[in-house]
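See structure below.
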Amino acid sequence: MPALTRDEAQTRAQLIDVHRYTVELDLTHAADPDGETFDSRTVIRFSARTDGATFVELNPAELRSATLDGQPLDPAALVDNRLALDGLTAGEHELRVDAAMRYSRTGEGMHRFTDPSDGETYTYSQMFMENVQRVFPAFDQPDLKAAFDLTVTAPEGWTVLANGITEHLGGGTWRAATTPLISTYLVAVAAGPYHSVRTEHRGLPFGIHCRRSLAPFLDADADEILGITRACFDRFHEKFDEPYPFDSYDQAFVPEFNEGAMENPGLVTFRDEYVFRSAVTDTERQSRAMTIAHEMAHMWFGDLVTLRWWDDIWLNESFAEYMGFQTIAETTAGAVTGAAAQTIAGSTRSMDPWTAFGIARKTWGYDADQRPSTHPV
């Protein structure tokens, strides 16, 4: 599969604007050991500025059908995970795609995991960097933001989480609130018999979630996790002077995650090793708090304001890391007063993140600065 180049992305961004994705995912048979695929039906509404041609990314197990403005497209036009969209005219267009997609065990696309302790199955998405095409078709580049309408059908008794508040419509079908404009790599969904601890802060629903077998361990640390979350949330409002741009804040601790965490707006995913099963050091708790703060910083810097292309990922991540260390230092070491400080009461541990920064992060900078690739910032 050829990687999308910057030149290709710039050419496509000059040709089209993407307005809305309507995505329907059917995970009904996710718990079936023989069910290796799920159904994905998508409508993309976009416009072309001039006549031209482009493509949409899609990596299916089977492309059942595709139509552009009501006219069928030849499935054979899908080559190297790119579906050609030829003969576009200036104006509005509608692409419809019906496909079967593969579950993953690598943390790419729609990951599926069966808990060996109780046999329960869980799914969650990881769209970064180019894995949205494993879940639904997309014009997959960060500067082509759009609104997303997501509907998920799952087994009865499952919970479905997404970027926006989800509503159970009955019959295992859940609908998520329409997102603000976000990049394709930030779309997120998690579905399964998740254990949840829910609360509310500043009028918004907050939740933390994990697989059922870890419920006692999440419950034991819920006050600490939610206390840190609330304190960081309040402090970032003071720092950025910009309201949180999404309608809820869920944090899902998911199994076999292939990164530390991912800043999906409204649904941050963490590796579930952060749900501690035994006594841990203060440094480990500090690391979890830092990750919570880092990912929350991305809600503003990365999700609301997003890099145009991946060569700015260094700034996106470096700034979130700096904000994470600074904010945890402020919210846990007495630098914050008033309401923001009170919300940290669930965590009684005093943390000194700058010591950890000096040991674990600063040396990275020294190392990078010695390389031939170093450059002024």
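The values are calculated or read from the model by the stated rules, or taken from the named source; none is laboratory data. Just so you know, these numbers come straight off a predicted model, no measurement behind them. Note that each Cβ is placed from the backbone with ideal geometry, even for glycine, and that neighbours are counted across all protein chains shown. Side chains included, ligands, DNA and RNA excluded: accessible areas come from the protein's heavy atoms. Shrake-Rupley method; radii C 1.70, N 1.55, O 1.52, S 1.80 Å.
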Counting Lys and Arg as +1 and Asp and Glu as -1 over every other residue whose Cβ sits under 14 Å from the Cβ of GLY91, the net charge comes to -3
Here the membrane-span-like helices of the chain, with no claim about any membrane, defined by DSSP H, Cα axial extent at least 24 Å and mean Kyte-Doolittle at least 0.0, are 313-332
Bridge orientation stat for the range 176-311 from DSSP, antiparallel percent rounded to 5, came to 45
Per GNM of the chain with C-alpha springs under 10 angstrom, the most fluctuating residue out of THR291, THR178, THR283 is THR283
Counting only protein heavy atoms and rolling a 1.4 Å probe, one gets per residue an accessible area for the chain in Å² of 43
Per-residue accessible area, 1.4 Å probe, largest first, puts TYR322, TYR124 in the order TYR322, TYR124
Order by accessible surface, 1.4 Å probe, largest leading, for residues SER117, SER65, SER125 comes to SER117, SER65, SER125
Here the net charge surrounding THR42, from other residues whose Cβ is less than 14 Å away from its Cβ (Lys, Arg +1; Asp, Glu -1), is -2
In the range 205-263 the accessible area split gives carbon plus sulfur, as whole percent at 1.4 Å, a share of 44
Once Lys and Arg are counted +1 and Asp and Glu -1 for all other residues with Cβ under 9 Å from that of VAL268, the total becomes -3
Of THR89, THR121, ordered by accessible area with the largest first and a 1.4 Å probe, the sequence is THR89, THR121
Percent antiparallel among DSSP beta bridges confined to the range 196-262, rounded to 5, stands at 60
